[in-house]
Structure formats: C-alpha cells, structure tokens
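The values are calculated or read from the model by the stated rules, or taken from the named source; none is laboratory data. Not measured: the values here are computed from a predicted model. Virtual Cβ from ideal backbone geometry, glycine too; neighbours counted across all protein chains shown.
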Amino acid sequence: MSIYRSIFKKDLFKGQVILVTGGGTGIGRCIAHELAALGTTVVIAARKIEPLKTVQDEIQKLGGNCDTMLLNIRDAAMATQVIQDIVAKHGMLNGLVNNAGGQFMSPANQLTSKGFSTVVDLNLNGTFNMCKAAFDGYMGEHGGQIVTIVAETRNGIPRAMHTGAARAGIINMTKTLAIEWGPYNGIRINCVAPGLIISSGMKNYHETMVDLLAHSHWMNPTSRYGTESEVSAAVAFLLSPAASYINGVNLEVDGGSSLSKGNPEGDELMYNPEGSRHPVYVGWSEGVDNVHGIKHVDAPAKINELLRKYKAIGRSSKI
Ligand SMILES: CCCCC/C=C/C(=O)SCCNC(=O)CCNC(=O)[C@H](O)C(C)(C)COP(=O)(O)OP(=O)(O)OC[C@H]1O[C@@H](n2cnc3c(N)ncnc32)[C@H](O)[C@@H]1OP(=O)(O)O
Ligand SMILES: NC(=O)C1=CN([C@@H]2O[C@H](COP(=O)(O)OP(=O)(O)OC[C@H]3O[C@@H](n4cnc5c(N)ncnc54)[C@H](OP(=O)(O)O)[C@@H]3O)[C@@H](O)[C@H]2O)C=CC1
C-alpha cells in the first residue's frame, strides 16, 4: 500500500487520465504505479512495447487502470497522434508527465556535434514536442497539469554537458510556459530534478561506474541515493490540487546533494560514512513487492543490494 494513499484520499486522481512517457521502465514505471494506486487511468508510452505491456499487466493485476501507446517523443507528428488517440479513446488528458529521456556519458572534448544534437533532441525538443501536442490537442482548451523530469543542473555535469544543457533548457522553457499558458488556459507546469536514483536507468551505466556507485555514498547529506518512489511522490504532489498554487518551479528531489560539491574541511561534513540516518520512502510497492511476481526495482544487482539495506533504516521510526 502506498504511503501516499494514506496521506491523500486513494481516489485523489479518480476519473483523471494522465500520460507518463517512458512509463515502461524505472522511474516512469514507478510514477505510473503511484498514479494508478491513486485512481488515475494512466497511459504509458515509449518506443518499446514489451516493457509497457509488462507494466500494464502489473497495474491491472493490482486493480488499476492502464493503457499503452507506442511513442517516440523525438517525432513531433507521433506526439500529436498519441495525444489525439488518448483524447479520442479516453475523452480527456488531465496530466502529462514528461519522464522519457536520457544520455550517454562523454567528456565534452570528445562529444561530436551529432552526439550533442541527439541528446538535446531527445530531452529538450522531445519535451517541447510533448508539451505542445498536449496543449494543442487538449490542455489549451481544457487546462491540465504538466510535470517534467529533468536532472540536477544547479552545477555543471562533467561528462554529461549535453544533458545538462538540455535539462537547463527545459527548466527555463517550463518557466515561460507557466507564464504563457497559466493565465488563459488553466495549465500548471513544473519540473522535478532527481539526484542519483536507484532505478533501471543505472543499467545503462558502465560496470566500473556501477561499482563506484555501489561503494560510495556520493557526497549526499542523506548519505544515500534516492528511490523511484521518492521522485514519484513529488510528481504526484505537483500534479495534485495540493500544489494548485505551485507553477513554473523546479523541485529538486536529491537529498540535498546539489547544495555542495565538495568541502575543503573534509568529507565528514558532507555525509555520514557510517551510513544513512534517513529512512526511505518506498511507495506503491510497500506490501505488493513480489505479489503476482511484481518486482519493486530493476536496478543492477549491486545497487539493488543497497536499496535492501536502505529499507532497513529506522525501521522502528514512522515514515
Ligand atoms: C550523468 C549524470 C546525469 C544526471 C543523472 C541522470 C541519470 C539518468 O538519466 S539514468 C539513465 C536514463 N536512461 C538513459 O540514459 C538511456 C540510455 N541512453 C540512450 O539510450 C542513448 O544514449 C541516447 C538515448 C542518448 C541516444 O540514443 P539514439 O537516439 O539511439 O542515438 P544513437 O545511439 O544512434 O547515437 C547518435 C549519436 O550520439 C553519439 N553517441 C551515442 N552514444 C554515444 C556514446 N556512448 N559515446 C559517445 N557518443 C555517443 C554519436 O555521435 C552517435 O552517432 P553515430 O556516431 O553516428 O553513431
Ligand atoms: N535514475 C537516475 O538517477 C536519474 C534519472 N533521471 C531521468 O529520469 C528519467 C527516467 O530515468 P530512469 O527511469 O532512471 O531510466 P530509464 O532508462 O529506465 O528510462 C528512460 C525511459 O525513457 C524512454 N525513452 C527513451 N527515449 C525515448 C523516446 N525517444 N521516446 C519515448 N520514450 C523514450 C525509455 O523507453 P524506450 O526505450 O522503450 O523508449 C525508458 O522507458 C530520464 O529522463 C532520466 O534521464 C534524471 C536524474 C537521475
């Protein structure tokens, strides 16, 4: 049972239709589960159908409503078509979660023009395509809520300059859209910037990177990484009426890791080497992990082991 369900009424989003891009894996899958647990008819869309069908099956087995659609967010015509199909089939589109995105790691001096364009096209142009299609196809007339997953951009991102530039672009685009689309169309649009999150996304990392992540606490004031549910809870909040006066913000869900990038007085000021004292929020999977064979998180094994340890933090305390 989702802890969020006990904070909000379990039918918080009942009757609403919300599209989650990249909803077949990782953070997007978790967002889809959270929203479905709160009564949403959730539409998940991405390029590969199998992961989408698996998540649809999981949600339906748990009693939720889920539809799937094929989508490449880089293709503006396809974005328009998917929004039209959702409105034709479900009659409305109350929310859009732009979660699809990603990058590869490369030092800036080895990055080709094509590589830079590819990552900007996916993240920045892709998010624009989805926002514009949602506006033109439904929200411009009826209003709605949009949340985009970005990344920490308070500082530079060594070896990921392309994604940093694209995500910073999304954050500024969001501010402008909040101003232009808020007054006349009743649209709220915000961003969520996750820090390092234990998710299937980490399967894209090189093994040496996974090893490094598994053995460091990565200079975070909470001394741990984040969970998919901690990102999803922020998304659900921003989509909800509880956030009805929040517009154009970027909410960092990073445990405070972006606040400081080093301390000359020593690492002990940055994190607790003994381990975290911050219990995790595990969300929708609480109580349903392994029910119907549903797995909570699909991260690399060494990282999943960390999550297992995190779940034991402060077990006696109420979270
Ligand atoms: C690093 C901290 C960031 C903040 C924390 C964020 C964490 C996460 O996001 S978790 C992971 C989320 N998931 C992913 O990132 C998905 C994995 N990535 C990809 O699928 C791809 O890298 C892609 C989506 C960014 C691009 O895919 P695609 O459109 O299929 O592009 P191509 O493979 O055809 O490549 C086009 C072009 O890009 C250059 N390039 C691609 N990969 C690399 C590489 N590993 N190193 C250097 N350059 C690369 C290259 O120029 C490619 O063109 P060609 O040379 O003609 O192949
Ligand atoms: N995990 C982390 O630590 C962090 C993640 N993020 C961001 O959070 C989001 C989710 O990441 P995470 O779940 O970890 O990683 P995943 O790689 O599991 O998720 C990425 C999702 O995006 C979809 N996707 C990629 N390209 C496209 C496209 N062109 N059109 C439609 N869908 C697409 C993929 O599905 P398919 O391949 O089937 O299209 C996949 O489901 C991403 O934007 C990521 O960059 C940000 C900061 C930290």
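Could you go through segment 190-208 and let me know if any residue there is more than 16 Å from ligand 1 (Cβ to nearest atom), under 19 Å from the mean Cα position of the chain (by Cα) and outside any strand (DSSP E or B). Checking segment 190-208: not a single residue is more than 16 Å from ligand 1 (Cβ to nearest atom), under 19 Å from the mean Cα position of the chain (by Cα) and outside any strand (DSSP E or B).
Being more than 16 Å from ligand 2 (Cβ to nearest atom) and closer than 27 Å to S199 by Cα: is that true of N94 here? In short, yes. Looking across segment 24-44, the residues that are under 9 Å from the mean Cα position of the chain (by Cα) and among the small types (G, A, S) come down to G26, G28. Put simply, of F128, F116, F135 the only residue that is more than 17 Å from L71 (Cβ to Cβ), touching a residue at least 40 places away in the same chain (Cβ under 8 Å) and aromatic (F, W, Y) is F116. What do you reckon, is H278 assigned to a helix (DSSP H, G or I) and not hydroxyl-bearing (S, T, Y)? So H278 does not fit the description; no.
The lone criterion from (1) within 16 Å of ligand 2 (Cβ to nearest atom); (2) at pLDDT 95 or above; (3) more than 20 Å from the chain's Cα centre (by Cα) left unmet by S113 is number (1). Being away from ligand 2 (no atom under 15 Å from the Cβ), in contact with a Leu (Cβ under 7 Å, 6 or more places away or on another chain), more than 25 Å from V280 (Cβ to Cβ) and not aromatic (F, W, Y) narrows it down to one of V43, V82, V17, so name that one. Every option except V17 fails the conditions. Residues in segment 163-170 include at least one that is part of a helix (DSSP H, G or I), in contact with a strand residue (DSSP E or B) (Cβ under 9 Å, 6 or more places away or on another chain) and not aliphatic (A, V, I, L, M). State which residue is nearest to G195 (Cα to Cα) when the search covers only segment 139-152 and only residues that are within 15 Å of ligand 2 (Cβ to nearest atom) and surrounded by 22 or more Cβ atoms within 10 Å (Cβ to Cβ). In this case the residue turns out to be A151.
Can we say A165 is within 16 Å of ligand 1 (Cβ to nearest atom), closer than 27 Å to V297 by Cβ and surrounded by fewer than 22 Cβ atoms within 10 Å (Cβ to Cβ)? It would help to see each step written out before you state the result.
On the way: within 16 Å of ligand 1 (Cβ to nearest atom): yes; closer than 27 Å to V297 by Cβ: no; surrounded by fewer than 22 Cβ atoms within 10 Å (Cβ to Cβ): yes.
It is false that A165 is within 16 Å of ligand 1 (Cβ to nearest atom), closer than 27 Å to V297 by Cβ and surrounded by fewer than 22 Cβ atoms within 10 Å (Cβ to Cβ).
Could you please let me know if V235 is touching a strand residue (DSSP E or B) at 6+ places or on another chain (Cβ under 8 Å) and either closer than 15 Å to A37 by Cβ or among the aliphatic types (A, V, I, L, M) (or both)? Taking the combined requirement at face value, the residue satisfies it.
Of the residues in segment 175-195, how many are among the polar types (S, T, N, Q) and surrounded by fewer than 24 Cβ atoms within 10 Å (Cβ to Cβ)?
Residues flagged as among the polar types (S, T, N, Q) and surrounded by fewer than 24 Cβ atoms within 10 Å (Cβ to Cβ) within segment 175-195 amount to 2.
Annotation note: Cβ proximity below 7 Å between a residue of segment 245-260 that is without any contact (Cβ under 8 Å) to a residue 60 or more places away in the chain and a residue that is assigned to a helix (DSSP H, G or I) (sequence gap 6+ or interchain) occurs for I246/L238. Scanning segment 209-241 for residues that are in contact with a Pro (Cβ under 8 Å, 6 or more places away or on another chain), free of Cβ contacts under 8 Å to residues at least 60 places away in the same chain and within 14 Å of ligand 1 (Cβ to nearest atom) returns a single hit, G226.
Restricting to segment 233-285, name every residue that is polar (S, T, N, Q), closer than 30 Å to Y184 by Cβ and surrounded by 14 or more Cβ atoms within 10 Å (Cβ to Cβ).
S240, N247, N250 - these are the residues of segment 233-285 that are polar (S, T, N, Q), closer than 30 Å to Y184 by Cβ and surrounded by 14 or more Cβ atoms within 10 Å (Cβ to Cβ).
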